[in-house]
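Worksheet: the structure to be examined is printed underneath.
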Amino acid sequence: MDKRASCAKALALLSALVPFAFGCGPSEPSASTVALGAVLDRTGSLAAASWVDSANLAIADANSGLDLSGRGLRFKLQVSDSTNTPKVASQRAIELVSQKGVVGIITDSSQDDIALGSLAYDADPSNDLNVPIVCMACTSPAINNPNSVNAVDPVNQATLRNEKHWNFRALMDAMPQAKVFVGIAQGKAPLGDINGDGHFKLGVYYSDEAFGRGFADALKVTVAALGLSIPSSVELIPHPATADLNAYDWASDIRRLVDTNNETTMAKDGIPDLVSFVTFPQYVGSMAKSYGANGNGVPVLHTHVSRFPSVLRLAGTSLVGQEGTSHIQLAPGPSGAVFASSLRAATGNDPQFLDAHTYDGVVALVLAVAIAGRGLDDPSQVTGARVRDAMSRVSAAGGTIIRTGPAELAKAFDLIAADKPINYEGASGPLDFSPDGNVMDMLVLWKADSSAFGELATYDCISSPECPKTP
């Protein structure tokens with residue numbers, strides 16, 4: 001191990017043990033400190049405590065890398081709870097920009113991301129964030145889509161089209177996952193006709209908000225494009241996005257989902273061959289328990305929202321043995337391994353789903369700040385607009401590969417100072433932003449047991465839009 005790597009390992013461990021390294025100690029930041037914001041759900045229907053841990057690790061690694069590189073810059077993370085409520089997320093993002101001076105924000109769900117993004121397009125210029133937003137859990141295909149249309153709401157249309165290019169994703173949208181999901185469903189039986197009634201039918205139970213509607217529509221479009229030699233259909237049944245977890249009548253909705261009526265097409269087309277839940281994790285656990293009693297034996301194929309420890313806790317044994325699709329939890333190779341090891345050292349816990357994407361989203365902002373600050377007398381005085389414009393240079397084609405951890409980030413800071421291109425390869429995979437601010441990922445087929453999710457197969461959407469199954 002070389003000297004820099006040895007120092008990096010020591011600094012990373014120290015950062016994990018010293019509270020200030022995670023932005024929560026009593027020390028005041030110096031004048032050269034750049035603040036980044038995290039508007040992440042900590043108490044709502046999407047909450048995962050490990051996301052904030054992963055974001056803090058990215059800041060700690062960046063500061064350790066700056067120490068190794070001898071730079072006079074520091075980063076601090078300002079954390080606020082989105083509660084997965086768009087109005088709350090918007091207000092807290094405004095506070096982070098106006099009161100804490102953050103120059104970039106990482107956030108969570110599609111609905112929160114759209115709410116934050118819309119501030120740049122509404123009629124009130126006083127609430128404009130004017131900082132880049134990186135979403136680490138957004139899968140709605142409408143987001144960052146230049147062809148998105150909302151004829152009755154021009155603000156929403158401009159937001160979805162990302163017309164001012166403030167919005168970025170650290171997670172791939174749902175369309176490729178829908179393709180893999182439907183392909184797996186088709187593999188369960190000839191033409192997907194699991195119940196042998198001569199018809200392929202998929203039932204989708206979704207939350208009535210941007211993510212749920214977007215993924216449900218993606219599944220519907222994908223099934224329609226199959227061109228099967230037997231009839232095919234998709235039934236979409238929504239539930240309120242703010243349903244009371246304990247009081248809502250899940251059982252009634254589930255009985256509608258598995259009957260012979262199709263409430264989308266208004267036809268009787270038989271019992272579904274498969275059903276899926278496209279909603280928030282805290283709802284899936286209750287649904288899974290209710291489905292076990294009311295699903296009449298119709299099999300479930302889950303999406304990524306079921307791949308959370310909170311779902312296993314809520315569902316009990318209801319999820320055991322069931323399968324689903326999701327984005328890969330950790331990229332294969334050194335970037336994923338270093339991140340996993342560092343997170344264990346810092347928290348005592350293994351990485352959970354979307355931890356790697358959260359880490360990568362924060363690192364992208366860190367590197368963009370460094371790029372944007374080059375040439376300034378005081379790099380900490382970068383503006384949000386400069387950071388936004390630098391995001392495309394975080395993973396420049398042909399640049400020197402940069403991986404995770406302090407030593408690699410120190411190398412990145414040295415290269416940036418020398419005005420040489422970098423290409424960040426993160427814990428979740430390459431973070432190659434398209435001109436629209438999107439990325440591509442690897443997907444997996446997973447299977448749940450009583451305490452964890454095992455990955456059964458991998459699908460590479462990075463190398464091909466067809467997302468082929470890897471050997």
Quiz item: Taking amide H positions as placed 1.01 Å from N in the peptide plane, with prolines and chain starts having none, which residues 5 or more places from residue 457, or on another chain, fall under 5 Å of its amide H?
Solution: 445
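With r as the distance between the Cβ atoms of residue 95 and residue 293 and R0 = 30 Å, compute the FRET efficiency 1/(1 + (r/R0)^6) and round to 0.05.
Values: r = 44 Å, r/R0 = 1.46.
My answer for the efficiency is 0.10.
Might you tell me the accessible area per residue for the chain, computed with a 1.4 Å probe and given in Å²? Spell out each step's value before the answer.
Numbers: 18020 Å² over 471 residues.
Per residue, the chain has 38 Å² of solvent-accessible surface.
Short version: what are the Cα gyration tensor semi-axes of region 134-256, square root of 5 times each eigenvalue, largest first, in whole Å? Write down the numbers at each step before the final one.
Working: eigenvalues 167, 81, 33 Å².
Sorted largest first and rounded, they come to 29, 20, 13 Å.
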Quiz item: Could you give me the ³J(HN,Hα) list for region 437-451, computed from phi with Karplus coefficients 6.51, -1.76, 1.60 and θ = phi - 60°, whole Hz, x at Gly and Pro?
Solution: x, 9, 10, 10, 10, 9, 10, 9, 9, 10, 9, 8, 10, 6, 9
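Output needed for region 252-291: three equivalent-ellipsoid semi-axes, defined as square roots of 5 times the C-alpha gyration tensor eigenvalues, in descending order, whole Å. Mind showing how you got there, number by number?
Working: eigenvalues 94, 19, 15 Å².
Computed over region 252-291, the values are 22, 10, 9 Å.
Could you tally the net charge around residue 447, taking each other residue with its Cβ under 10 Å from the Cβ of residue 447, Lys/Arg +1 and Asp/Glu -1?
Values: positive: none; negative: 323, 449, 455.
Result for the local shell: -3.
Which entries in the list 201/268; 188/268; 188/469; 268/289 go over 18 Å, if you measure between the two C-alpha atoms of each? Present the calculation step by step, with values, prior to reporting the outcome.
Working: 201/268 11 Å; 188/268 23 Å; 188/469 16 Å; 268/289 27 Å.
Beyond 18 Å: 188/268; 268/289.
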Quiz item: Given H placed 1.01 Å from N in the peptide plane, which residues other than close sequence neighbours of residue 426 have an amide H under 5 Å from its amide H?
Solution: 431
Quiz item: Of 337, 421, 391, which is farthest on the positive side of the dipole of region 312-471, counting Cα position, with +1 on Lys and Arg Cβ, -1 on Asp and Glu Cβ, and the Cα centre as origin?
Solution: 337
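Ignoring any ligand, DNA or RNA, what whole percent of the accessible area of the chain comes from carbon and sulfur when the probe is 1.4 angstrom? Could the numbers behind the result be given before it?
Numbers: 9630 of 18020 Å².
C and S atoms contribute 53 percent here.
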Quiz item: How much accessible area does residue 213 have with a 1.4 Å probe, in Å² rounded to the nearest 10?
Solution: 100 Å²
Quiz item: What's the longest bit of the chain with no exposed GluC sites (Glu not before Pro), using DSSP loop states and at most 15 other Cβ atoms within 10 Å as the test?
Solution: 264-465
Quiz item: To the nearest 10 Å², what's residue 197's accessible area with a 1.4 Å probe?
Solution: 70 Å²
Exercise. Mind grabbing the accessible area of residue 126 for me, 1.4 Å probe, Å², rounded to tens?
Key: 100 Å²
Practice problem: Hey, can you grab everything whose amide H is under 5 Å from the amide H of residue 34? Only 5+ residues off in sequence or another chain; H modelled, so Pro and N-termini drop out. | Solution: 74, 75, 76
Quiz item: Each residue of region 344-357 in order: what ³J(HN,Hα) in whole Hz does its phi give by Karplus 6.51 cos²θ - 1.76 cosθ + 1.60, θ = phi - 60°, with x for Gly and Pro?
Solution: 4, 5, 7, 10, x, 10, 6, x, 10, 4, 6, 4, 5, 5
Quiz item: Can you list the HN-Hα couplings for region 255-269, worked out from phi with the Karplus curve (6.51, -1.76, 1.60; θ = phi - 60°), rounded to whole Hz and with x for Gly and Pro?
Solution: 4, 5, 5, 9, 8, 8, 7, 10, 6, 8, 9, 6, 10, 8, 10
Self-check item: Normalised per residue, the volume of the convex hull around the Cα set of the chain (Å³)
Solution: 145 Å³
Quiz item: Scattering from the C-alpha atoms of region 244-383 alone, worked out with Debye: what is log10 I(q)/I(0) at q = 0.10 1/Å?
Solution: -0.53
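Report the gain in length on full extension from residue 345 to residue 381: 0.36 nm times residue separation, minus Cα-Cα distance, nm rounded to one decimal.
Numbers: separation 36, 0.36 × 36 = 12.96 nm, distance 3.28 nm.
Gain in length upon complete extension: 9.7 nm.
The values are calculated or read from the model by the stated rules, or taken from the named source; none is laboratory data. Given the structure is predicted, the values throughout are model-derived calculations rather than measurements. Counting neighbours? That spans all protein chains shown, and the Cβs are built from the backbone with ideal geometry, glycine included. When the accessible area is computed, the model is the full protein with side chains, heavy atoms only, and any ligands, DNA or RNA have been set aside. Shrake-Rupley method; radii C 1.70, N 1.55, O 1.52, S 1.80 Å.
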